[in-house]
Amino acid sequence: MFPSEAVLAAQDLNTKFFLPIHWGVFTLAMHSWDEPAKESVKYAEKAGLRY
């Protein structure tokens, strides 16, 4: 699940907190290891989710 999809799932579930986990576990991607966390924060803030 991409960060934007995780935020949509949190909204669909009407969660109180958005807590992404299991990012940066494997170094298989072409992006930097912390990019998913930064993207998650960006999308969560845009959606008004607490994290």
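Close Cβ contacts (under 8 Å, 6 or more residues apart or on different chains) running from residues in the range 1-20 that are surrounded by 12 or more Cβ atoms within 10 Å (Cβ to Cβ) to residues that are among the β-branched types (Val, Ile, Thr) and in a loop (DSSP other than H, G, I, E, B) are absent.
Okay, residues lined up against (1) over 9 Å from the mean Cα position of the chain (by Cα); (2) of a type in the set (A, V, I, L, M):
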site: Pro3; (1), (2): no, no
site: Ala6; (1), (2): no, yes
site: Ala9; (1), (2): yes, yes
site: Gly24; (1), (2): yes, no
site: Glu45; (1), (2): yes, no
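Criterion applied to Glu39, Glu45 was being in contact with a helix residue (DSSP H, G or I) (Cβ under 9 Å, 6 or more places away or on another chain) and charged (D, E, K, R), and the one residue passing it is Glu39. Do we find that Ser32 is at pLDDT 95 or above and among the polar types (S, T, N, Q) in this structure? When the stated conditions are applied, Ser32 does not pass them.
On the stretch given as the range 1-24, residues that are at pLDDT 85 or above, over 14 Å from Lys42 (Cα atoms) and out of contact with any Phe, Trp or Tyr (no Cβ under 7 Å at 6 or more places or on another chain) total 9. Summed over the range 29-46, the residues that are under 16 Å from Ala9 (Cα atoms) and basic (Lys, Arg) give a count of 2. For the range 21-44, a tally of residues being of a type outside the set (A, V, I, L, M) and in a loop (DSSP other than H, G, I, E, B) returns 9.
Considering (1) surrounded by 10 or more Cβ atoms within 10 Å (Cβ to Cβ); (2) among the hydroxyl-bearing types (Ser, Thr, Tyr); (3) at pLDDT below 90, the lone condition that Thr27 does not fulfil carries the number (1).
The values are calculated or read from the model by the stated rules, or taken from the named source; none is laboratory data. What you see is a predicted model; the values in this text were computed from it and never measured. Using ideal geometry, Cβ is built from the backbone for each residue, glycine included, and neighbour counts are taken over all protein chains shown.
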